[in-house]
Amino acid sequence: MTAELTEGLPEADTPAEVLGTLHFVLNALGRELGDRYDAHLKATIGPNWLRALANIRNQRNINLHDPYFVLSEPLKFSNSPTRACLPSGGAFYNELEVALDVRNAWSHHEVSPLNLATLKDSITRIHSFATAAEMKLGRLCSDVKKRINAIGNGTYPPAGTAPREIASVKIDSLLAELAAARVNEDALRADVSAAQALLDEAARAGAAQAERVSQISAIQARLDEALAEKQKLEFVIEALATAETAEPVEMTEPHGGEWVSATPGHQWPSDIPSRRVTMMTLQPDLFDDATRQRVAAEFGPEATSTIAGWKATVAANATIFLTATGQAVTFISGTPIYLGTLGDVSGRGASGDMVSGFFIPHTYTLRMNGTIEDRSSGETLDRVVLGAAATADRLLDLIPTGGRLRVTTTGGVAKYVDAGWTVIASVKRDEWFPGHL
C-alpha cells in the first residue's frame, strides 16, 4: 500500500494525499453520525429502526454509515427520526446543507484543483458543521487544517527529519493495489464465515464460545479496516481518472455573439433567444419564416448532421429558438431545454458517430464498487431497480475506473473521452432510474 493512502492527515500537496484525506474525514463523519443515530434510535424506536426507515423510504437497504445518508436523511425529511439526534434550528440545518454540498462535490469528482488549498476550504466547512453538531469529528478537522498549514509553511515534516519521498501516484499502480485489497477482503470474509460456522457448531455442542466470539471480533475488525482502505483506493482512482479526462467547463465561442454556458438536455439558463425557426418535416434542417430561408448553411457543414440528431426527439414543425452563436432551445413540457449548437462537434463520440438524441437533464456517477448514483438526488440504481448490479458490471467492464456518465433520450450511456461524449453502451427504460428515460 502506498504511504499516500494510509494516513488520516495529509503528508504532501499531491492529488492522492488530498483525496485520501478527504475520504478519511467523510468516512469518520459517516461513522460518528451513524453510530449516534443507531444508539439513540435503538433505544427510542427499537433495534429494527433502520429496516423500518428503509421501508418507509422505499429502499431495499440503507448503509447506516454512508456520509450521504447521515447528512441527507435529516435534511430532506422534516419528519425523520434522525432529527431527534441533532440540534434544531435553521442555522444548524444551513450548516448541514453545506456539509452535504461538500460531500456531493467531492464524491462526484467536481472539485478542482486537487490541492491542499482546495482541501482546506472543504475541511473548514465540514469543521463548522461538526462544531454545530457537537461531534468529535471537529478535532480531526482541526488536526487536518493544522497539518495543511504546517506543510504550507515548511514546518512539516519536522526539522531534522528526512523528508519522505512522495512518488507520483499512477492509476495503473493503484489498480494493482486495489486488486490485492479485494483479494484480502475476500479472504477475511471467508475467515469470518469459517469462524462463525465453528461458533455455531460449538453452540450446538454446548461448548465454550468465548474464544470463538473473540476470534470473530478480531477478524471482523481487520475486515472493517481492509474494507475502509479498499473504499479509499476506489475513491482516489475514480477521482484521478476523472481528472485526467474531465469535460472542459468553458466552451469557446464559435460564431461571435454572447455564448451561454449550458448543457444539452438541461434547462436553458438564460433568456429565450429571439430568433424563431421551425424543425422541417423531411429535411435535416430548420426553416426561418422571417427570411424564408433554410438555416443550416449559416453554420457550416456540420449543422445538418446536428439537426438530424435532434429529429429523433424533437417533433416536426416544432418551434426552435436560436442564438447568434447557433445555440438551439426548444420547449418540452413547458420547460425551455437546450438542444445543442449547430455545427458544434462536442456532441460527437471519439469515433465521429453522433450521439443519438440529446442528453437528459440527469447526470450520474459510476462507482468502482458497482454503484450508479444520480448526482442530483443521491439515489442509487440498486435501490430502485432489480438487476442493477448486472447493468453496473456491464459498464465497469467498459470503464474499469468508473466516473461521470450521461444518458441520451434514446438510452445511450456516454462517457467523456477525447474531447467529446462517446456512447459506450445502451440501457433500456426498465434497466434505468424510473422516470429518467
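The values are calculated or read from the model by the stated rules, or taken from the named source; none is laboratory data. Note that the coordinates shown come from a computational prediction; the quantities given were computed from them, not determined experimentally. Note that each Cβ is placed from the backbone with ideal geometry, even for glycine, and that neighbours are counted across all protein chains shown. When the accessible area is computed, the model is the full protein with side chains, heavy atoms only, and any ligands, DNA or RNA have been set aside. Shrake-Rupley method; radii C 1.70, N 1.55, O 1.52, S 1.80 Å.
To the nearest 10 Å², what's residue 49's accessible area with a 1.4 Å probe?
Here the residue's solvent-accessible area equals roughly 10 Å².
Size of segment 89-151 along its principal axes in angstrom, Cα-based, largest extent first?
So the three principal-axis extents are 36, 25, 14 Å.
Enter the accessible area of residue 108 (Å², nearest 10), with the probe set to 1.4 Å and all protein chains included.
Only protein atoms counted, so the area is about 10 Å².
Given a Förster radius of 41 Å and the C-beta distance between residue 298 and residue 376 as r, what FRET efficiency does 1/(1 + (r/R0)^6) yield to the nearest 0.05?
FRET efficiency, residue 298 to residue 376: 0.70.
Residue-wise, which Karplus ³J(HN,Hα) couplings in Hz belong to segment 400-412, taking 6.51 cos²θ - 1.76 cosθ + 1.60, θ = phi - 60°, and x for glycine or proline?
Here the 3J(HN,Hα) series is x, 8, x, x, 7, 10, 10, 10, 8, 5, 9, x, x Hz.
Taking θ as phi - 60°, what are the ³J(HN,Hα) couplings along segment 371-383 by the Karplus curve (6.51, -1.76, 1.60), each to the nearest whole Hz, with x for Gly and Pro?
Each residue's phi maps through the Karplus curve to give 9, 10, 10, 6, 5, 7, 9, x, 5, 10, 4, 5, 7 Hz.
With every protein chain left in place, what is the accessible area of residue 428 in Å² (1.4 Å probe, nearest 10)?
Its accessible surface works out to 140 Å², give or take rounding.
Looking only at the chain, where both bridge partners belong to it, what percent of the DSSP beta bridges are antiparallel (to the nearest 5)?
Restricted to the chain, the bridges split so that about 100 percent are antiparallel.
Whole number in Å², please: accessible area per residue of the chain, 1.4 Å probe, ligands, DNA and RNA not counted.
Per-residue value: 49 Å².
Quick check on segment 269-348: what does the Kirkwood estimate of hydrodynamic radius come out to from the alpha carbon pairs, in Å?
With all distinct Cα pairs of segment 269-348 included, I get 12.5 Å.
Run the numbers for residue 426 and residue 278: contour at 0.36 nm per residue of separation, minus the present Cα-Cα distance, in nm.
50.3 nm
Could you list, in their original order, any pairs among 42/146; 42/232; 170/415 whose Cα atoms are separated by more than 32 Å?
Among 42/146; 42/232; 170/415, the Cα-Cα distance tops 32 Å for 42/146.
Show the residues, 5+ positions off or on another chain, whose built amide H is closer than 5 Å to the amide H of residue 405.
Amide H to amide H, under 5 Å and 5 or more residues apart or across chains, residue 405 pairs with 364, 365, 366.
With a cut-off of 20 Å, note down the residues of segment 32-57 whose backbone N falls inside the zone around a label point 7 Å from the Cα of residue 143 toward its beta carbon.
32-36
Sort 405, 396 from largest to smallest accessible area, using a 1.4 Å probe on the heavy atoms of the protein chains.
The ordering from most to least exposed comes out as 396, 405.
Give the carbon-plus-sulfur fraction of the accessible surface of the chain in %, rounded to a whole number; probe 1.4 Å, heavy atoms of protein chains only.
51 percent
Once amide H atoms are placed 1.01 Å from N in the peptide plane, what residues at a sequence separation of 5 or more from residue 320, or on another chain, have their amide H within under 5 Å of its amide H?
Close amide H contacts, sequence-distant or interchain: 277, 278, 279.
Using the Karplus equation 6.51 cos²θ - 1.76 cosθ + 1.60 (θ = phi - 60°), what ³J(HN,Hα) coupling, rounded to whole Hz, does each residue of segment 265-280 give in order, writing x for Gly and Pro?
Whole-Hz 3J(HN,Hα) from phi for segment 265-280: x, 9, 5, 5, x, 10, 5, 5, x, 7, 7, 10, 9, 10, 5, 6.
Could you work out the helix-only [θ] at 222 nm for the chain, with each DSSP H run of four or more residues adding -39,500 (n - 2.57) and the total divided by the number of residues, to the nearest 500 deg cm²/dmol?
So the calculated ellipticity at 222 nm is -15000 deg cm²/dmol.
Go from 0 up to the bin containing the longest alpha carbon distance in the chain, width 10 Å each, and give me the % of pairs per bin.
4, 17, 24, 24, 17, 9, 3, 1, 0, 0
Residue 131 to residue 189: FRET efficiency via 1/(1 + (r/R0)^6), r the Cβ-Cβ distance, R0 30 Å, to the nearest 0.05?
The computed FRET efficiency comes out at 0.20.
Which FRET efficiency value, to the nearest 0.05, do you get for residue 222 and residue 410 by plugging their Cβ-Cβ distance into 1/(1 + (r/R0)^6) with R0 = 35 Å?
Working from the Cβ atoms, E equals 0.15.
So who's got an amide H within less than 5 Å of the one on residue 337, skipping anything under 5 residues away but keeping other chains? H placed 1.01 Å off N, in plane.
Sorted by chain and number, the residues that satisfy this are 268, 330, 331, 332.
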